[in-house]
């Protein structure tokens, strides 16, 4: 079954059309990588999946996006509930100026969970899920800013997981990290897809090849091709895809 489905999506910033007729579906418990040159629309598309673009003035979307077969742009959609179900991890680690523990607990408190036992259990579980527990278990009361960049990014992933989403969006989650931290996040993505459906924007072709099941190539606001990652990287159907992957442009 398709977990996420976009149908004929067009998106505009004012008069400028940023996405043209994007139809793309993603199965549950898979990783889909969105690749393409800067400004091609991949991050814009990613942000449509939890309605982050709603926060930008003078934008509009045409078409439909379904998650679990519900159109998330219907008028009666509860956007807060949508964003609980569709977690987001950004390009640069963005921990809050709070303790490590409170960073992960924050989303639970905001969503009205007050039971200390539930909060504690979710915090511990989420930090364990991102393979950070052994590194921070003795300093949960210390500031998150004391962590390294890679640890901060894993903490931000834990924060997204604590509210138990079913979809995880990642917008270039390793672009600010060193190779060792990047490798840890990539290993983590492999683990997390057992429980979540993941969509990742990446500029790094090798990363797309390593972590994703399917790859979608965007160019100038259009979806040029989407297929199994192995196919896209070895036998793309469209010359433009091959040119981009082999570095002839982009």
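The values are calculated or read from the model by the stated rules, or taken from the named source; none is laboratory data. Bear in mind the structure is a predicted one, so any value in this text is a computation, not a measurement. Methodologically, a virtual Cβ is constructed for each residue, glycine included, from the backbone with ideal geometry; neighbour enumeration extends over all protein chains shown.
For this structure, a couple of remarks:
- Top-ranked residue of region 98-110 - restricted to ones that are surrounded by 13 or more Cβ atoms within 10 Å (Cβ to Cβ) and under 18 Å from residue 81 (Cβ atoms), ranked as modelled with the lowest pLDDT: 107
- Selected residue (only one of 173, 165 is closer than 18 Å to residue 125 by Cβ and in contact (Cβ under 8 Å) with a residue 12 or more places away in the chain): 165
Yes or no, residue by residue, for (1) in contact (Cβ under 8 Å) with a residue 60 or more places away in the chain; (2) surrounded by 15 or more Cβ atoms within 10 Å (Cβ to Cβ); (3) closer than 24 Å to residue 172 by Cβ:
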{"residue": "9", "(1), (2), (3)": "no, yes, yes"}
{"residue": "28", "(1), (2), (3)": "yes, no, yes"}
{"residue": "31", "(1), (2), (3)": "yes, yes, yes"}
{"residue": "59", "(1), (2), (3)": "no, yes, yes"}
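- Filtered residues of region 193-232 (kept if without any contact (Cβ under 8 Å) to a residue 40 or more places away in the chain, part of a helix (DSSP H, G or I) and either out of contact with any strand residue (DSSP E or B) (no Cβ under 7 Å at 6 or more places or on another chain) or surrounded by fewer than 18 Cβ atoms within 10 Å (Cβ to Cβ) (or both)): 206, 209, 210, 230, 231
- So residue 185, is it over 25 Å from residue 28 (Cα atoms) and either part of a helix (DSSP H, G or I) or at pLDDT 95 or above (or both): no
- Subset of region 65-91 that is farther than 25 Å from residue 195 by Cβ and loosely packed, with under 15 Cβ neighbours inside 10 Å - its residue that is nearest to the chain's Cα centre (by Cα): 74
- Residue count for region 14-31, restricted to those that are closer than 25 Å to residue 84 by Cβ and out of contact with any helix residue (DSSP H, G or I) (no Cβ under 9 Å at 6 or more places or on another chain): 6
To keep it simple, each residue is scored yes or no on (1) within 21 Å of residue 202 (Cα to Cα); (2) modelled with pLDDT of 95 or more.
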residue: 35; (1), (2): yes, yes
residue: 41; (1), (2): yes, yes
residue: 47; (1), (2): yes, yes
residue: 51; (1), (2): yes, yes
residue: 60; (1), (2): no, yes
residue: 67; (1), (2): no, yes
residue: 80; (1), (2): no, no
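- The lone exception for residue 137 - which of (1) under 23 Å from residue 183 (Cβ atoms); (2) surrounded by 15 or more Cβ atoms within 10 Å (Cβ to Cβ); (3) modelled with pLDDT of 95 or more it fails: (2)
- Against the test of being crowded, with 23+ Cβ neighbours inside 10 Å and out of contact with any strand residue (DSSP E or B) (no Cβ under 7 Å at 6 or more places or on another chain), the options 119, 127 yield a single qualifying residue, 127.
- Every test in (1) more than 21 Å from residue 208 (Cα to Cα); (2) surrounded by fewer than 17 Cβ atoms within 10 Å (Cβ to Cβ); (3) in contact with a helix residue (DSSP H, G or I) (Cβ under 7 Å, 6 or more places away or on another chain) is passed by residue 176 save one, and that test is (1).
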